[in-house]
1. At pLDDT 95 or above and at negative phi: is that true of residue 206 in this structure?
2. So which residues in region 64-79 are buried (at least 16 other Cβ atoms within 10 Å of the Cβ) and in a loop (DSSP other than H, G, I, E, B)?
3. Would you confirm whether any residue within region 89-100 is in the same structural domain as residue 68 (by TED's automatic domain parsing), in contact with a strand residue (DSSP E or B) (Cβ under 9 Å, 6 or more places away or on another chain) and buried (at least 22 other Cβ atoms within 10 Å of the Cβ)?
4. For region 115-126, indicate whether the set of residues that are part of a loop (DSSP other than H, G, I, E, B), surrounded by fewer than 19 Cβ atoms within 10 Å (Cβ to Cβ) and either out of contact with any helix residue (DSSP H, G or I) (no Cβ under 9 Å at 6 or more places or on another chain) or modelled with pLDDT under 95 (or both) is non-empty.
5. When region 141-163 is examined, which residues are found to be free of Cβ contacts under 8 Å to residues at least 40 places away in the same chain and either touching a helix residue (DSSP H, G or I) at 6+ places or on another chain (Cβ under 7 Å) or crowded, with 21+ Cβ neighbours inside 10 Å (or both)?
6. State yes or no: is residue 272 touching a residue at least 24 places away in the same chain (Cβ under 8 Å), assigned by TED's automatic domain parsing to the domain that holds residue 214 and crowded, with 17+ Cβ neighbours inside 10 Å?
7. Quick one: would you say residue 35 is buried (at least 20 other Cβ atoms within 10 Å of the Cβ) and either more than 14 Å from residue 307 (Cβ to Cβ) or at pLDDT 95 or above (or both)?
8. Checking residue 61 against (1) in a helix (DSSP H, G or I); (2) crowded, with 17+ Cβ neighbours inside 10 Å: exactly one of these is not met. Which one?
């Protein structure tokens with residue numbers, strides 16, 4: 001099995017067949033992760049560098065664990081402890097690392113398009129671990145894998161993406177992927193947090209009323225408020241946001257059917273989700289975390305020199 005692209009820069013660049021190949025391969029790797037010995041030699045002698053120019057815990061650990069499970073040699077790099085703080089450019093940093101004969105680069109950066117820039121200048125395969133407000137493709141893939149695991153298929157599934165759509169790379173990757181795989185998508189949240197062009201540009205429903213969005217959907221993928229990416233006041237307070245768009249147990253029980261709750265993390269408990277929802281039987285948040293390792297193993301394996 002092989003992908004149609006050398007890099008994983010975004011869901012936009014993947015075909016429907018690419019997405020299905022990654023999800024099928026992830027399913028095989030998830031079976032490996034259930035065994036007593038969880039390590040396979042698939043990427044033995046492959047060197048991967050994790051370039052994280054932006055803070056991350058879950059994504060970085062998930063990629064590092066996936067790489068170790070595949071027996072790759074790994075180097076982890078964070079901007080806070082690097083020469084970037086001394087003025088070194090992004091390309092200089094990567095070229096220095098590539099001179100050490102690195103095969104693959106996993107990269108997170110606060111600037112949209114940074115992985116695409118690297119892909120044009122260096123020979124190694126690039127996996128985008130999140131770039132600015134552009135995309136977070138492996139999160140979109142693991143969300144899709146989790147939904148497919150729960151429902152059997154993505155085709156015809158009704159998914160509401162709720163919260164800070166404006167600043168969310170997770171929302172973008174989810175929308176691209178779900179539309180390609182035949183799901184129906186609604187984005188919901190305050191008008192100030194949903195771009196005005198969403199309905200026309202992405203062929204999605206737009207809903208400003210939380211209850212209506214929840215009554216419509218099979219799955220609610222709830223996003224956190226990205227205060228660190230907002231450069232102006234877009235709602236009055238977190239308390240006001242929670243009252244209008246926070247999901248609690250009482251609200252879920254008042255719906256006409258049971259829906260599945262997802263969240264890419266980290267959760268602002270008491271803001272977008274109450275704890276009694278995040279930790280409930282309707283939530284598959286912990287399954288998303290578990291599935292992240294299998295999906296990232298699949299992406300690494302399929303983009304590696306071993307797969308070509």
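1. Numbers: at pLDDT 95 or above: yes; at negative phi: yes.
Judged against the criteria, residue 206 is a match.
2. 70, 72
3. Step one: list which residues in region 89-100 are in the same structural domain as residue 68 (by TED's automatic domain parsing), which gives 89-100.
Filter once more, so that each one left must be in contact with a strand residue (DSSP E or B) (Cβ under 9 Å, 6 or more places away or on another chain): 90, 93-94, 97-98, 100.
Add one more test, that the residue is buried (at least 22 other Cβ atoms within 10 Å of the Cβ), and what stays is 94.
Yes, there is a match, as at least one residue in region 89-100 is in the same structural domain as residue 68 (by TED's automatic domain parsing), in contact with a strand residue (DSSP E or B) (Cβ under 9 Å, 6 or more places away or on another chain) and buried (at least 22 other Cβ atoms within 10 Å of the Cβ).
4. Filtering region 115-126 down to residues part of a loop (DSSP other than H, G, I, E, B) leaves 122-124.
Checking which are surrounded by fewer than 19 Cβ atoms within 10 Å (Cβ to Cβ) leaves us with 122-123.
Keeping just the survivors that are either out of contact with any helix residue (DSSP H, G or I) (no Cβ under 9 Å at 6 or more places or on another chain) or modelled with pLDDT under 95 (or both) gives 122-123.
Yes, some residue in region 115-126 is part of a loop (DSSP other than H, G, I, E, B), surrounded by fewer than 19 Cβ atoms within 10 Å (Cβ to Cβ) and either out of contact with any helix residue (DSSP H, G or I) (no Cβ under 9 Å at 6 or more places or on another chain) or modelled with pLDDT under 95 (or both).
5. Restricting attention to region 141-163, the residues satisfying the condition of being free of Cβ contacts under 8 Å to residues at least 40 places away in the same chain are 152-156.
Residue satisfying the conditions is 154 alone.
6. Details: touching a residue at least 24 places away in the same chain (Cβ under 8 Å): yes; assigned by TED's automatic domain parsing to the domain that holds residue 214: yes; crowded, with 17+ Cβ neighbours inside 10 Å: yes.
So residue 272 fits the description; yes.
7. On the way: buried (at least 20 other Cβ atoms within 10 Å of the Cβ): no; either more than 14 Å from residue 307 (Cβ to Cβ) or at pLDDT 95 or above (or both): yes.
So residue 35 fails the test.
8. (2)
The values are calculated or read from the model by the stated rules, or taken from the named source; none is laboratory data. In this text the structure is predicted, and so the values were computed from the model without any measurement. Cβ sites come from the backbone with ideal geometry, for glycine too, and all protein chains shown count toward neighbours.
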